[in-house]
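Below is one structure, written out as structure tokens; comments come after it.
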Amino acid sequence: MAGVLDGIRVLDFGRYIAGPFCAALLGDLGAEVIRIERREGGEDRGMIPVGTGPDGGGAMFLAMNRNKLGMTLDPTAPKGREIVKKLVATADIVVANLPPRVLRSLALDLDSLRQVKPDIILTTVTGFGAGGRLSHKHGFDGIGQAMSGAVFLSGFAEQPIMTKVPWVDFGTAFLSAFGTMAALMERGKTGHGQKVEGALLRTATAIANAMLIEQSLTGVNRVATVNRGFNNAPGDVYRCTDGWIVTTVIGPYMFGRWCEMVGEPGWTNDPRFQDDQARADNGEAITEKMNAWCAARSCEEALAALEKANIVAGQVYSPQQALDEPHIRDAGLLVEREFPGLPHTLPLAPTPIELSETPGSYRRRAPLIGEHTDQILASLGYTVAEIAALREEKVV
């Protein structure tokens, strides 16, 4: 089955997460994606090592670079620049989460690309976005988390906590893929390409927008309350006899069912708990009650009672427990894939959105270092002898 982006060629000069995962999502939908990295492999290739060997890649690389061909190239060498131009002439999209200065130095900025391919789409990601005093700075996921207010409101009042799951990076990758698809639709109507620009701080600020609006309009000056919710209760992580669960109660009807479940039906008329915000503001009493209720039950027993009361809840899993959860496998949220050198398969998350008629697909594993360099150069018209010379000159 042909994918939505069948016939679209993407050049991926990305690194780490935001750029590469954007390109991977486009690849999932059928685009031909060429990952271009330095001759010894990109600096992101070995992150979170899992035993694939020096030409393989770490866990992050394996996830970010499925459905891609891989080539090595020195784009700063004169002959390397020539190869880049030939690649751009065949491409529809260039993905490069590199600072503007670096883009210009490599002739990967929009003006330079348009000289080669007038209708090209450039998808780029920066740390801070254009137009401000910090635009020149580099950024990683944690910077977006921290500067959006999210870290300050997580953890403890005396110790902010940054989540180790890089949600800013991945959010930016999703938004960049969304923007790229929109740019492709516009090009289909007008014939014109454009630049799609994501930014880590832009993503984080958008996700944190509601709490920034609350602060601006009310001056509430919230501080971290560990896992307890700011705007509802119960809304916390609770300890059972054999683990932890999380539950969120929103609205009067769900709160009423919760009160019946924990043996406090009179709380529905208690002025301390008259609405979601009042319950959050008096959340210590609710948390104390829920802690006591959970402490007498296993996770399974607590979750069964919460489900019977039609209250949203789930168990806090370790990574191993997540791997062992049958639903995750039955629903196809992780699929076992092979990779050279590994003694067993790896659980890879497929395209995280389903299309009923043209779903994303897994066509190839992440490439070894320079695995498809010869194949790609040959498609550009280079002969075997010319490719050998480029290797001898350390261009590829």
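Each value in this text was obtained by applying a stated rule to the coordinates, not by laboratory testing. Note that the structure is a prediction, hence the values are computed from the model and not measured. Heads up, the Cβs are rebuilt from the backbone with ideal geometry, glycines too, and the neighbour counts pull from every protein chain shown.
Numbers for the structure displayed
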{"item": "Placed amide H near Thr126: partners under 5 Å, 5+ positions off or other chain", "result": "Gly198, Ala199, Leu200"}
{"item": "Among Asp236, Asp92, Asp141: highest mean-square fluctuation, GNM of the chain, C-alpha pairs under 10 Å", "result": "Asp236"}
{"item": "Two-site label geometry, Ala59 and Val335: point separation in nm, points 7 Å out along Cα→Cβ", "result": "2.1"}
{"item": "Which of His192, His344 has the fewest Cβ neighbours within 10 Å, and the rest in rising order", "result": "His344, His192"}
{"item": "Calculated over the range 219-320: convex hull of Cα atoms, volume per residue (Å³)", "result": "98"}
{"item": "Formal net charge of residues neighbouring Thr90 (Cβ-Cβ distance under 12 Å; K, R +1; D, E -1)", "result": "+2"}
{"item": "Calculated from backbone phi, Karplus (6.51, -1.76, 1.60) coupling profile of the range 48-55 in Hz, x at Gly/Pro", "result": "6, x, 10, x, 8, x, x, 9"}
{"item": "Full-stretch length increase - Asn282, Asp6 - with 0.36 nm per residue and alpha-carbon distance subtracted", "result": "93.9 nm"}
{"item": "Separation in nanometres of the label points that stand 7 Å from Cα toward Cβ, at Tyr362 and Ala89", "result": "3.8"}
{"item": "Centre separation in Å (Cα based) which lies between the range 325-365 and the range 7-49", "result": "18"}
{"item": "Per DSSP, loop trypsin sites (Lys or Arg not before Pro) in the range 143-250 with at most 14 further Cβ within 10 Å", "result": "Lys164"}
{"item": "Inter-centroid distance (Cα atoms) of the range 275-301 relative to the range 202-237, Å", "result": "19"}
{"item": "Of [x] 21.0; [y] 23.9; [z] 22.3, the label for Kirkwood radius over Cα pairs in Å derived from the coordinates", "result": "[y]"}
{"item": "Convex hull (Cα only) mean projected area of the range 241-396, reported in nm² to one decimal", "result": "16.7"}
{"item": "Of the DSSP H helices in the chain, those whose Cα atoms cover at least 27 Å axially and whose Kyte score averages -1.0 or more", "result": "167-190"}
{"item": "Those aspartates and glutamates that a straight Cα-Cα span of less than 16 Å connects to Lys308, excepting residues fewer than 8 apart in one chain", "result": "Glu260, Glu300"}
{"item": "Formal net charge of residues neighbouring Val226 (Cβ-Cβ distance under 14 Å; K, R +1; D, E -1)", "result": "-1"}
{"item": "Residues Trp293, Trp244, Trp258 arranged by fewest to most Cβ contacts within 10 Å", "result": "Trp244, Trp293, Trp258"}
{"item": "Stretchable slack from Met162 to Arg272, in nm (0.36 nm times residue separation minus alpha-carbon distance)", "result": "36.4 nm"}
{"item": "Under 24 Å from the Cα of Lys164 - lysines, other chains or at least 8 residues apart", "result": "Lys137"}
{"item": "Sequence-distant lysines (8 or more away, or on other chains) whose Cα lies within less than 24 Å of Lys68", "result": "Lys79, Lys85, Lys86, Lys117, Lys195, Lys394"}
{"item": "Over the chain: helical MRE at 222 nm, DSSP H runs n ≥ 4 each giving -39500 (n - 2.57), nearest 500", "result": "-11500 deg cm²/dmol"}
{"item": "Neighbour-count ranking [beta-carbon atoms within 10 angstrom, fewest first] of Glu214, Glu197", "result": "Glu214, Glu197"}
